[in-house]
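The values are calculated or read from the model by the stated rules, or taken from the named source; none is laboratory data. Treat the numbers as computed from the prediction; the structure is a model and nothing was measured. Ideal geometry is used to build each Cβ from the backbone, glycine not excepted, and the neighbour counts take in all protein chains shown. Surface areas here come from the heavy atoms of the whole protein model, side chains and all, with no ligands, DNA or RNA. Shrake-Rupley method; radii C 1.70, N 1.55, O 1.52, S 1.80 Å.
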Amino acid sequence: MQNPKGKMDEIKTKFMDLLNKQTNRQVKIPAMGFSDYFIQTVTAAESLKSDNLEKTQSSENDAEIINAQKSDQEILESIEHIYFQVESDTDMYELKKVLGNGVNYDLINSTIAQLRKQHKVLSKKVRQNILEQRSACNEEFVAINETQKELEEALWTCRKARSYLNYARTNLTTTSLEILASYRKREILKELLNSLQAVKKLKSTDVEVQKLLSECNYSGAISLLLRCKNFAVEFMEYNCVQSLNKKLQETLLLTEYQLDTVLNEMILNFDMQKYAKLQEAYKLLNKSLMAMDQLHIHFISAIHSSVNSVIRGYNDPNVDENLKYLYEQLCENVEADKYIPCLISLCKTFWTILASYYQMVMWHQNYKLYSVDTAESPDIYIQEKLKKGKSRIWNDILTKICTFLQSSKLKTLKYDQFIQVLSIIQRLKKVGLEFCGEHSDKLIEIMQIQSEEFFQRYHIACLEEICLFLDNESWTVVDSFGNILQLPEFRSVRHTLRRHKSPPVVLLINSPSVDHSPISNNNCDELVSVHSQDAVSSIYGSYGYFLRFSEKSSPFDGGLDVAMLEEDILSGIVDEASCYFSEESDDEHKSLQSKECEDLTGSNSVTVNNTTLNVFRCIGRYLQMCKLLHCISPKIVMSMLELMDFYAFAVHEIFAKDSVVQMENFYSPKLEEKLDYVSHHVLPNIKIWPLNFSSLINNELANPDTLYGLSQRIVAVESGHCMVQQFQILHTYLNHLLPAQERSMLKNYFDYLNFMMDVGKPVYTCVTSRVIDLTAILTMMAKVKWDVNHVSFQHNNYIDIMNRNIQNFAMRLEEIGKEIAVPAEPVWNSMTHVATHLLVEGFSNVKKCSAGGRALMQLDFTNFMSILELISNQKYPECRAYVDLFIKAYYFSNEQFEEWIIEQKNLQTQQYTNKQLTNLIVCACISDKRTRQKLLNLVGNDHHLNTSSTSTAT
């Protein structure tokens, strides 16, 4: 229902608008004499006003005539503006105007007349307007009456409603109203209680968050914080909640910091369940990508901090820890005896970091944080980030390891220690290859440089060690030695040599020209374990490091002193499983070893001394290094050959310098080349050479009772010969280790394996040349009359003496053979060589000789050779031909003699000396001076030419 007062205001407003609607006139009606009362009573007094208006008009017409005639419009316009203002005090205004200059009655009268005139015109105008709007006013009054009726109806409705309300109030009980009030109060209290509980929960959030964090429920803690933070927004009108919200924000920041701390702990102690909770928490925070970036920073920081911590732990404890040393300085401060433990600790620390990173990569490959699988998925970014981070982390580790390996302490290590370092680096290199596919070229390059320097120093040390053995050698046979494979230095290659099996040594000895090419190109030992004997260990070894070990166990735990001897640190040609040795018993080991000896070397007995045994050990260690350092294997193999050549040179220097005969013809060109190489390239590096062998030379080698040290000479030569035989076992495998372009070096060496036999010739000659009194025999031969006409059936006495010397020599050999195995063939060959050259020398000294004398020479020689061959149980066709040819040359014709002389001079190794040829020519051509001179010129000219050529070459 509408308000009556408001309805009246609306009617008043419409009526005022009606009065102001004049299309052609703009007249302002003054407020004086026009009120609400006039509007309300205008209808009742309408007729009365019409009568009064007529009377007034008649009186005013007279006044208009009197006053100056003016138009109504001008009069209206002359009305002052103040009369049109609602709240203006017109009375006071007129009084002030007429009384401003004192009382002026004329002014007052004129003013009154003017005002009346203006009032009359204005009233007239108003009446006119009212008459014009009369119909509209009637309509409005009708509407007002209708409105009044509606107001009365509304009033009745309100009174009725109030009567009903009064009835309800009087009829409803007080209890019902109290129930409603209580319910409202309860709702208010519940709301208040909820608010208080929410505030209490917000206040206790910190304790619950810490409890969840202690239980490693990081996602729960983050969820609780985020829920409380969102919940606090609804109660921000409370001051306490505002402060709690601020505290929640700080707690959230502290929780993120704690998450970062736990994330940092994952680097050295990875826990899959804890890491999963961390990732879930970062996902709730929408910071998974940021956490991955921070994780890589932690890894890099962990590498730098942990490596410094490890190195400082192995530095001198007396050093002030407050001093800031560079990493290079810390590496140099590590003592040599702590170098390997420090390296192992570094590798174990790095392994822990790498294993943790590897497990994180595997975790992200197996679990997806986000369900969206697109190119822009955060999981794809994380995996790419982890993949790129592998190389960076490995390169940082590699830089630290390389800096540590460049320390000067590495050069001071012993052989076993250096091998251990190589084993560790081999494992580390394979870890890098498996971790990120890196071949660690920088590590290989540094180890190659360090290895070359170490091996050069170690090789010289081995040569000097052999010199010490030579200086203290007793030259006796080591009975306990059977095969090089029984030496611990060769244990790691026993099974490898079975795969790269060389032809049996027996065949090599009997057939020097046999082809030494590799039997097979199979590289199976480079692809499988060479130490694992059982299938379980082989299968287990085929898995990678990261599947076999965790961050709590590493490939660098134990076994590093003897393991990894089958691996190539610089080429990576061997599988890691070689670090696992078979746990075979002693009996199994011996039976396996004996079987390998039969397979590889046959059943021949071996003769070695302590020096050759040490050479074997050096070769075994060289072989280990050759396999570990494949890229410098040519240099290592060359050093093996130098060891054997040096031993041969030393034997020659000790036992081949005391001969009483000239031995130029005993040396082949290859042997001379080998001895010259050792003299010019090996000896200058040995500081303790030459050695002092005076006691041996003066006591044993000059003692006829010991046959001038023949047993020592035999041991020296045969040990060297055995050394070469044993070395042939390694031929095929060394070919496998060497690059194809370097195998010619080894082939050339094995093409001349008889150099020890060639060394044995001058060595044995030093003994055999003293068995027979050469001077006495030559003197006796000179006293024989060789120009006889008839030949007797009795040989000369000097042959009996030589035969007795041969018999004594044979008996002495039998005595020596009871102690050592005497090589009958080379010893008797030397004996035959000395005896036959002695006969030729004696025959060449004959001045006059007849055909009968030549027959007597043949008789003496035949008798001697028959006894010699009978005692030695050997045949000597070359020696027979050597003496027979010299004797039969006496019967040559001049042309045959000349051709024979030329043939002899063209031989690479001349059989007879110029003196012998000259004496033969003089004796054979004693009656033919022309032929004699011609032949002598051939011998002399060639001799002159040979001397000149030799001088020019020198």
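If you take the Cα centroid of region 144-188 and the Cα centroid of region 877-947, the two points sit 166 Å apart.
Figure the gain on full extension for Asn754 and Ile686 (residue separation times 0.36 nm, minus the Cα-Cα span) and round it to one decimal in nm.
Taking 0.36 nm per residue and subtracting the Cα distance, the gain is 21.9 nm.
For the peptides 656-664, 857-865, the ranking by mean Cβ contacts within 10 Å, running from highest to lowest, is 857-865, 656-664.
So what is the accessible area of region 342-408 per residue, in Å², with the probe set to 1.4 Å?
Working: 2900 Å² over 67 residues.
The answer is 43 Å² per residue.
Sorting 161-168, 340-347 by average packing, meaning the other beta carbons within 10 Å per residue, from highest down gives 340-347, 161-168.
Annotation for region 69-113: trypsin sites (Lys or Arg not before Pro) lying in DSSP loop with at most 13 further Cβ atoms inside 10 Å of their Cβ are Lys70. Across region 767-940, Cα pairs under 8 Å and at least six residues apart give a relative contact order of 28 percent. Accessible surface for region 85-199, divided over its residues, is 81 Å² per residue with a 1.4 Å probe.
Using a 1.4 angstrom probe, figure out how much accessible area region 767-940 has per residue, in square angstrom, rounded to the nearest whole. It would help to have the intermediate numbers written out before the result.
Numbers: 8800 Å² over 174 residues.
I get 51 Å² per residue for region 767-940.
Measuring r between the beta carbons of Arg930 and Glu465 and using R0 = 45 Å, the FRET efficiency lands at 0.10.
Put a dot 7 Å past the Cα of Lys848, heading toward its Cβ, do the same for Lys190, and the two dots end up 16.2 nm apart. What is the list of residues in region 267-305 whose amide nitrogen lies under 17 Å from a point 7 angstrom out from the Cα of Tyr381, following Cα to Cβ? What the label zone holds, given the 17 Å backbone N cut-off, is 279-297. On the beta carbon distance between Trp156 and Tyr183, with R0 = 30 Å, the FRET formula returns roughly 0.25.
Between Val788 and Gln896, what FRET efficiency comes out of the Förster formula 1/(1 + (r/R0)^6) with R0 = 22 Å and r the beta carbon distance, rounded to 0.05? Don't jump to the answer; show the numbers that get you there.
Details: r = 25 Å, r/R0 = 1.12.
Taking R0 as 22 Å, the efficiency between Gln896 and Val788 is 0.35.
With all protein chains present, how much of the accessible area of region 85-199 (probe radius 1.4 Å) comes from carbon and sulfur, to the nearest whole percent?
Numbers: 5340 of 9360 Å².
Within region 85-199, the accessible surface is 57 percent carbon and sulfur.
Too long at a 23 Å Cα-Cα cut-off: which of Lys430/Lys635; Lys277/Lys552; Lys287/Lys387; Lys324/Lys388; Lys847/Lys934; Lys125/Lys149?
Lys430/Lys635; Lys324/Lys388; Lys125/Lys149
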